[in-house]
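Heads up, the thing below is written out as structure tokens.
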Amino acid sequence: MMKIPKKEIDMEKTLFSGQPLHFVFNEIDRGYIGYLKDGKKYSPIMIKEEDKNYIIKSELPQTKIKEYFGLKEDLNRVYQKIETDNYIKKAIKNYRGLRITKTDPLLSIVVFIVSSNNNLRNIRSFLTNLSREYGRKITVSGEKIQTPPRDKKLFNLTKEDFKKCKAGYRSKYLEKSLNMISTGEVDLDKIQDKENSLVKKELKNLYGVGEKVSECISLFSYKNLDAFPIDTNIRDIMKKRYLDQKEPKEISDNEIRELAKKKWKNYAGYAQQYLYKEAIS
């Protein structure tokens, strides 16, 4: 059992911010249940809420849990660096305690390939289908939940299997990319602790992984906090709030990304997450 002070993280805002898709609220126990990957297997985790703390029940090492929830980052320092204007100050006020989590790279690649030209509900539905069809069932606090397939099983799935899970045209990208990873053509381990540009360069060798998807994976799986993924929501906010675009004008995502990195530097990814949460809420 592990205690995390509430002043360090807001679990609801973090778990339902669109980044981790594998936690649900358990009405019976008034807590959150889900799973985290430890090595090659998924382990259950239960989060219960007390007055001042979250109680974490899991067989996972505490270091793994702290790493997943990004508890090493000093949020007050992050806020000092990204509170550059009234709009983002409002977002921070509304979602204070939201942290960037660290998802397993392989699962992250699968999810973000499917996220291309897709919405959050469909992405969540795909992960549910994938877990139900090819994953395993585990019990957390009396409730059974499905975990995704383990790596070996995932590598053996075909585009037809992914189509069955409603991945659509992205199914062929998943099959080809997972084959590249399983054969070592793309090595996810060698880019651990590498800077954003090097992580993205390796990831872009995969099918269905372009600039936006590689930025997402770099941010949420390799903790490159200077990464700045751009989707429709972020693009609109940046144009409206930071580029003062009253007239329609073509401006590239690269220009937007450069502005964000100049403005928020090493914590551009945190700025992105707060702006994104403000946009979708």
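Report, by residue number, each residue of segment 218-235 that is within 19 Å of LEU259 (Cα to Cα) and more than 10 Å from the chain's Cα centre (by Cα).
Taking segment 218-235 first, the residues within 19 Å of LEU259 (Cα to Cα) are 218-219, 224-235.
Residues satisfying the conditions are ASN224, LEU225, ASP226, ALA227, PHE228, PRO229, ILE230, ASP231, THR232, ASN233, ILE234, ARG235.
So, in segment 206-264, of the ones that are within 19 Å of LYS277 (Cα to Cα), touching a residue at least 12 places away in the same chain (Cβ under 8 Å) and of a type in the set (Val, Ile, Thr), which residue ends up surrounded by the fewest Cβ atoms within 10 Å (Cβ to Cβ)?
ILE256
So which residues in segment 65-76 are outside any loop (DSSP other than H, G, I, E, B) and either in contact (Cβ under 8 Å) with a residue 40 or more places away in the chain or in contact with a helix residue (DSSP H, G or I) (Cβ under 6 Å, 6 or more places away or on another chain) (or both), if there are any at all? Even if it seems obvious, please write down each step before you answer.
Restricting attention to segment 65-76, the residues satisfying the condition of being outside any loop (DSSP other than H, G, I, E, B) are 65-68, 75-76.
Within segment 65-76, ILE65, LEU75 meet the criteria.
In segment 89-105, which residue that is touching a helix residue (DSSP H, G or I) at 6+ places or on another chain (Cβ under 6 Å) and part of a helix (DSSP H, G or I) is surrounded by the fewest Cβ atoms within 10 Å (Cβ to Cβ)?
Filtering segment 89-105 for residues that are touching a helix residue (DSSP H, G or I) at 6+ places or on another chain (Cβ under 6 Å) and part of a helix (DSSP H, G or I), the one surrounded by the fewest Cβ atoms within 10 Å (Cβ to Cβ) comes out as TYR95.
Being within 21 Å of TYR68 (Cα to Cα) and among the polar types (S, T, N, Q) is the filter; apply it to segment 165-220 and report the residue that is modelled with the lowest pLDDT.
For segment 165-220, the residue satisfying everything is GLN192.
How many residues are assigned to a strand (DSSP E or B) and in contact (Cβ under 8 Å) with a residue 24 or more places away in the chain when one looks only at segment 44-64? Don't jump to the end; show me each part of the working.
First, the residues of segment 44-64 that are assigned to a strand (DSSP E or B): 44-49, 53-58.
Next, only the ones that are in contact (Cβ under 8 Å) with a residue 24 or more places away in the chain stay: 44-47, 49, 53-58.
Here the count works out to 11.
Condition first: assigned to a helix (DSSP H, G or I) and surrounded by fewer than 14 Cβ atoms within 10 Å (Cβ to Cβ). Now tell me which residues in segment 77-86 satisfy that.
Within segment 77-86, ARG77, GLN80, ASN86 meet the criteria.
Over 17 Å from SER43 (Cα atoms), out of contact with any Lys or Arg (no Cβ under 6 Å at 6 or more places or on another chain) and surrounded by fewer than 18 Cβ atoms within 10 Å (Cβ to Cβ), is that true of ARG121? Steps first, answer last, please.
Values: over 17 Å from SER43 (Cα atoms): yes; out of contact with any Lys or Arg (no Cβ under 6 Å at 6 or more places or on another chain): yes; surrounded by fewer than 18 Cβ atoms within 10 Å (Cβ to Cβ): yes.
Answer is yes for this residue.
Just need a number here: residues in segment 1-36 that are under 28 Å from ILE113 (Cβ atoms), modelled with pLDDT of 85 or more and either in a loop (DSSP other than H, G, I, E, B) or out of contact with any helix residue (DSSP H, G or I) (no Cβ under 7 Å at 6 or more places or on another chain) (or both).
Step one: filter segment 1-36 for residues under 28 Å from ILE113 (Cβ atoms), giving 11-25, 32-36.
Subset that is modelled with pLDDT of 85 or more: 11-17, 32-36.
The next check asks that each one be either in a loop (DSSP other than H, G, I, E, B) or out of contact with any helix residue (DSSP H, G or I) (no Cβ under 7 Å at 6 or more places or on another chain) (or both); those that pass are 11-12, 14-17, 33-35.
Summing the residues that are under 28 Å from ILE113 (Cβ atoms), modelled with pLDDT of 85 or more and either in a loop (DSSP other than H, G, I, E, B) or out of contact with any helix residue (DSSP H, G or I) (no Cβ under 7 Å at 6 or more places or on another chain) (or both) in segment 1-36 gives 9.
The values are calculated or read from the model by the stated rules, or taken from the named source; none is laboratory data. Everything numeric here is computed off the predicted structure, so don't read it as measured data. Cβ coordinates were reconstructed from backbone atoms using ideal geometry, including for glycine residues, and neighbour counts include every protein chain displayed.
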